[in-house]
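Derivation of every value follows stated rules applied to the coordinates shown; laboratory data play no part. Since the model is a prediction, treat every value here as computed from it, not as a measurement. Quick reminder, even Gly has a Cβ in these numbers, built from the backbone with ideal geometry, and neighbours come from all protein chains shown.
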Amino acid sequence: MRTFIPKKDDIVQKWWLIDADGRILGRMATEIADLIRGKKKPQFTSHLDTGDFVVVINAEKIKVTGRKLDQKKYYHHSLYPGGIKEITLKDLLATKPEEVIKKAVWGMVPKGKLGRALYKKLKVYRGPSHPHEAQNPQEYKF
C-alpha cells in the first residue's frame, strides 16, 4: 500500500467567511485552525499546506466564558531590561479585537515555516465589511 501525497493540482483552496458575532473565542479558533490547516479534507497531509483561506468578520463581537475578560493576560517583551508588557483581554478587545482571534489561532497552528504559511491565510476584520468579495467566500456553518 502506498501513501497518497497530494500534488499541487490536487489541492483546491476555498475561501470561507465566518461571522464571529456571538461566537465563543476558543471554539471558533479551533474550527478556524482546522480550516486553514485542511484537517477536514480527505487529502489532508500533515507536512503540506492543504487548507483553505478564512475571512473572519465582526471580531469585536466575540464572547468568552468565565472571568477571562478580566483574568486573561497577554504578554510581550520589548527586549530591553524590565521591558515586559501585559494587557488584559478586555483592553485588547477594546483596542485591537482582530489580534485576539489571531493570537488564539496562532496558538493552534504548528510553529515553523508551515505554520507561518498557514497563518497568512487568516484574514480578520473588526466590522462586517471585508475587501475579499472578489474571492466569493462561502459562509461557514458551525
In whole percents, the bins of 5 Å from zero upward hold the Cα-Cα pairs of the chain as 2, 9, 18, 19, 18, 14, 9, 6, 3, 2, 0, 0
Whole-number value, in Å³ per residue, for the convex hull of the alpha carbons of the range 21-100 is 132
Ranked from fewest to most other Cβ atoms within 10 Å of their own Cβ, 12, 55, 64 fall in the order 12, 64, 55
Magnitude of the Cβ-charge dipole (Lys and Arg +1, Asp and Glu -1) of the chain about the Cα centre, nearest 20 debye, reported as 460
Per the 1/(1 + (r/R0)^6) rule, R0 = 25 Å and r from the Cβ atoms of residue 135 and residue 98, FRET efficiency to 0.05 is 0.85
With the 8 Å Cα cutoff and a minimum separation of six or more residues, the range 3-142 has a relative contact order in percent of 32
Length gained if residue 142 through residue 3 is fully extended, taking 0.36 nm per residue and subtracting the Cα-Cα distance, is 46.9 nm
Protection proxy (average C-beta count within 10 Å per residue), highest first, orders 134-140, 91-97 as 91-97, 134-140
Nearest 10, in degrees from 0 to 90: the angle of helix 25-37 to the longest Cα principal axis of the chain is 30
Here the gain from full extension of residue 116 to residue 43, 0.36 nm per residue of separation minus their alpha-carbon distance, amounts to 24.2 nm
Computed over the range 75-127, the relative contact order (Cα-Cα under 8 Å, seq sep at least six) in percent reads 24
